[in-house]
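For reference, the structure is listed below as structure tokens.
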Amino acid sequence: MNKVHNNRAWLLVLPMLILVAFSAIVPLMTVVNYSVQDVLGANARFFTGTEWFKTMLNDPGLQAAFLRQIVFSLTILAIQVPLGIGIALIMPKRGWQASAVLILITLPLLIPWNVVGSIWQIFTRGDIGLMGWGLRQLGVDYNITRNGTDAWLTIILMDVWHWTPLVAMLCYSGLRSIPEAYYQAARIDRASKWAVFRYIQLPKLTNVLVIAVLLRFMHSFMIYAEPFVLTGGGPGSSTTFLSQSLATMAIGQQDLGPSAAFSIIYFLVILLVSWVFYTTIMHMQKDRNPQGGA
Amino acid sequence: MSYQLDNVQQGEKYNNIFSRITPAQRRKRNTRSRLRSRLLLGLYLVLMILPIYWLLNMSLQTNSDILGSMTMWPENITFDNYIGIFTNSSWYMGYVNSIAYVLMNMLITICVALPAAYAFSRYSFIGDKHLFFWLLTNLMAPPAVFLLPYFQLYYSVGLFDTHIAVALAHCLFNIPLAIWILEGFMSSVPKEIDETAYIDGYSFPKFFVKIFIPMISSGIGVTLFFLFMFSWVELLLARTLTSTGAQPIGMIMTRTSTASGIDWGTLAAAGVLTILPGILVVYFVRNHIAKGFALGRT
Amino acid sequence: MSWMVWTVPTAIFFSAIAAMLAGMTVWEIVSPTIERKGFLPISTTRGDRLFVGLLSAAFIHLGVIGYTSLSIWLALAASLVWLLVLMRWG
């Protein structure tokens with residue numbers, strides 16, 4: 001679709017811009033202001049320049065949290081994307097079953113994030129939780145409050161449980177947009193199931209998959225409430241992710257300056273990754289449809 | 001590809017003639033693979049429901065039953081936990097608060113996002129692409145980054161501990177999301193419709209309300225579902241911006257751990273109750289939701 | 001406004017960003033940009049190049065502050081040069 005060039009369209013965008021700017025720019029400016037000062041109180045603050053940035057970039061605890069975060073995000077992407085595609089492929093296409101499965105599958109997405117943490121905290125407890133109790137009955141020494149590996153595996157399992165539905169739904173809607181004629185053509189050529197997937201379904205899925213990866217990366221990179229409730233970041237700091245280190249610093253210890261500097265670094269990393277993803281999506285859409293794309 | 005559509009029936013014939021597998025065998029093979037995929041799906045669904053089932057199971061037991069013995073289903077079903085929540089105003093007000101700010105947020109967001117999405121889908125203007133990307137960055141901003149300034153911002157404008165504060169704060173990520181989804185839906189409406197309406201003498205506001213909005217109503221439904229979802233599940237900001245007057249239910253739930261241990265039954269019942277509104281909402285949009293997840297473009 | 005704890009350097013920083021945005025808008029009105037392909041792997045408009053330049057400038061600063069003992073002014077100078085190169089040939 002050819003868009004009309006009209007700068008009066010800004011008038012339509014303006015109300016939205018004011019609202020979002022109020023919520024985004026003013027706090028962002030404040031964070032930048034905090035990051036170059038040592039704020040002790042309303043009237044006691046000292047200019048520290050770039051000192052906090054230097055401290056934060058060299059803080060071993062944060063570097064560890066950052067690495068942990070990257071490992072976590074990549075792991076859940078590696079599990080959720082193939083699993084989501086698989087589920088989308090076997091979901092019923094029509095009838096009441098399709099609706100029923102859709103409703104069931106979206107369920108985890110609609111649970112408040114700290115309730116997700118509570119559900120899993122209960123579920124994995126050795127005394128009253130089905131999974132924790134069951135594993136102990138099987139003779140597995142499973143304890144997420146003492147064993148770091150168990151805590152890690154549980155958090156990954158929880159995230160897979162919580163967010164695979166999103167990937168599955170995205171893929172499902174991508175699959176539904178494939179015209180039936182393609183499948184019929186494949187049947188005539190007696191294409192194998194793998195060939196149908198590789199040459200018909202996967203190309204149609206790339207678009208939604210990029211959205212899925214982008215959304216999942218962003219959300220997993222700011223994961224906070226679920227591990228906070230489930231493990232509290234422990235045992236030790238083995239499941240402390242970036243947002244939690246940040247929240248502990250900002251609220252728990254009231255270290256405004258360092259946490260602000262850390263926020264900015266965190267934000268820049270997210271901005272870089274998101275920009276790369278976004279540019280990729282837009283260029284993919286442009287290649288396919290030279291006039292479109294927003 | 002359309003010629004293949006016409007050839008389907010011939011293709012079936014061709015298949016029947018040349019295939020070494022008889023149609024009956026093929027049908028059998030199809031049924032078998034269908035059965036296998038149904039089994040796998042069933043298995044996934046069961047595993048997925050299990051933690052939620054467990055929560056439900058616990059919410060129907062008394063604390064002594066929960067801690068007493070391991071049972072797969074509640075042996076003495078009790079609704080005391082639910083009754084306790086619905087008769088205690090400090091509990092049920094949590095639900096009222098949550099629903100209040102979620103509804104406010106949905107209303108504000110959809111009102112400002114509709115015209116903005118229309119602008120993005122129909123016009124090009126200076127800085128449009130960068131504005132769009134900037135909006136998306138807000139979707140990406142970790143709320144933890146903004147906690148303290150938010151607290152101070154809303155405190156200084158006197159909105160701390162009100163529903164509207166949380167509703168406005170959630171606009172940060174909900175408005176960009178709404179614009180993203182709506183823009184996709186609007187772009188799939190042919191532009192000729194706008195032009196015809198203008199020729200017929202419709203003014204922009206009249207056209208927008210009378211013709212355009214009804215045309216994308218399923219898109220608006222899906223958008224509202226997403227707005228509900230993300231505002232309902234977010235608690236970090238909601239918790240920071242409220243103390244007692246507008247506290248969300250998710251925050252009140254943390255009260256269940258008292259000196260005498262955790263009140264598991266009430267915690268589980270409250271958890272189950274937070275899932276219900278979501279089920280209600282997803283039921284209404286079940287037929288459009290798959291489309292919405294592709295964000296309008298497929 | 002006092003809770004925003006403004007300082008002179010950050011005020012200058014944000015004014016510079018605002019001025020840049022305003023300047024880019026005026027430039028765009030006077031002579032609209034044409035998308036072109038430079039040494040960057042994607043075709044870009046003027047605004048895209050400015051964004052890439054600013055983002056890389058931020059990372060240059062972080063690198064210099066965090067892992068070297070060089071002066072921040074050096075980082076600023078390097079960023080400005082890089083920004084100009086990017087705007088002209090990117």
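Every number in this text was worked out from the coordinates using simple rules, so none of it is lab data. Computed from a predicted structure; not experimentally measured. All Cβ positions, even for glycine, are placed from backbone atoms using ideal geometry, and neighbour counts span all protein chains on display.
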GNM of chain B, Cα pairs under 10 angstrom: of B:246, B:197, B:116, the biggest fluctuation goes to B:197
Rounded D (µm²/s) - the range B:59-138, Kirkwood Rh over Cα pairs, Stokes-Einstein at 37 °C, 0.692 mPa s: 188
Restricting chain C to trypsin sites (Lys or Arg not before Pro) in coil, as DSSP defines it, with at most 12 other Cβ within 10 Å: C:37
For the range C:14-85, projected area of the alpha-carbon convex hull averaged over all directions, nm²: 5.5
Given chain C, longest segment not containing exposed loop chymotrypsin sites (Phe, Trp or Tyr not before Pro) (DSSP; at most 16 other Cβ within 10 Å): C:40-90
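Please report the relative contact order for chain A, taking Cα pairs under 8 Å with a sequence separation of at least 6, and give it as a percent rounded to a whole number.
Relative CO of chain A lands at 28 percent.
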With the dipole of the range A:64-195 worked out from charges on the C-beta (+1 for Lys and Arg, -1 for Asp and Glu) around the Cα centre, which of A:111, A:178, A:132 lies farthest toward the positive end? A:178
How high is the relative contact order of the range A:213-258? Use alpha-carbon pairs under 8 Å, at least six apart in sequence, and give a whole percent. 26
Using the Cα centre as the reference, give the magnitude of the dipole from point charges on the C-beta atoms of the range B:32-167 (Lys, Arg: +1; Asp, Glu: -1; all else neutral), rounded to the nearest 20 debye. 900
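Considering only DSSP beta bridges with both partners in the protein assembly as shown, what is the antiparallel share in %, to the nearest 5?
Bridges in the protein assembly as shown that DSSP calls antiparallel: roughly 75 percent.
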Within chain C, which complete DSSP H helices have Cα atoms spanning at least 30 Å along the helix axis and a mean Kyte-Doolittle hydropathy of 1.6 or higher? C:8-30
Computed over the Cα atoms of the range A:200-281, the Rg and Dmax in Å are 16.2, 54
Cα-Cα over 20 Å: which of A:193/B:28; A:204/B:191; B:191/C:37; A:204/C:37? A:204/B:191; B:191/C:37; A:204/C:37
Calculated over the range A:1-120: convex hull of Cα atoms, volume per residue (Å³): 298
Kyte-Doolittle mean at least -0.5 and Cα extent at least 30 Å along the axis: which DSSP H helices of chain B qualify? B:23-59, B:89-122, B:163-187, B:264-284
Sort the following peptides by mean Cβ neighbour count (other Cβ atoms within 10 Å, averaged over residues), highest first: B:266-277, A:262-273. B:266-277, A:262-273
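Can you pull the Kirkwood radius for the range A:180-247, inverse mean 1/r over Cα pairs, to one decimal in Å? Please list the in-between numbers first.
Values: mean 1/r = 0.0656 Å⁻¹.
Taking every pair of different Cα atoms in the range A:180-247, averaging 1/r and inverting gives 15.3 Å.
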Radius of gyration and maximum dimension Dmax of the protein assembly as shown, Cα, Å: 26.9, 90
Packing-based order for A:219-230, B:202-213, A:243-254, using average beta carbon neighbours within 10 Å, highest first: A:219-230, A:243-254, B:202-213
GNM on chain B, C-alpha springs below 10 Å: top fluctuator among B:40, B:131, B:159? B:40
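Compute for chain A: radius of gyration divided by Kirkwood radius, i.e. Rg/Rh, restricted to C-alpha atoms, rounded to two decimals. Don't skip to the end; give the middle numbers.
On the way: Rg = 23.4 Å, Rh = 22.5 Å.
Checking Rg against Rh, the ratio lands at 1.04.
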Under 17 Å from the 7 Å Cα→Cβ point of residue C:19, by amide nitrogen: which residues of the range C:30-58? C:54
Would you mind giving the mean number of other chain beta-carbons within 10 Å of the Cβ of each residue in A:49-57, as a whole number? 4
Percent relative contact order for the range A:1-107, counting Cα pairs under 8 Å at least six residues apart, stands at 10
Need one word for chain B: rounded, prolate or oblate. Basis is the Cα gyration tensor (sqrt eigenvalues a ≥ b ≥ c); a/c below 1.5 gives rounded, then a/b vs b/c decides. oblate
In nm, the gap between the two label points placed 7 Å beyond Cα toward Cβ at residue A:71 and residue A:206 is 3.3
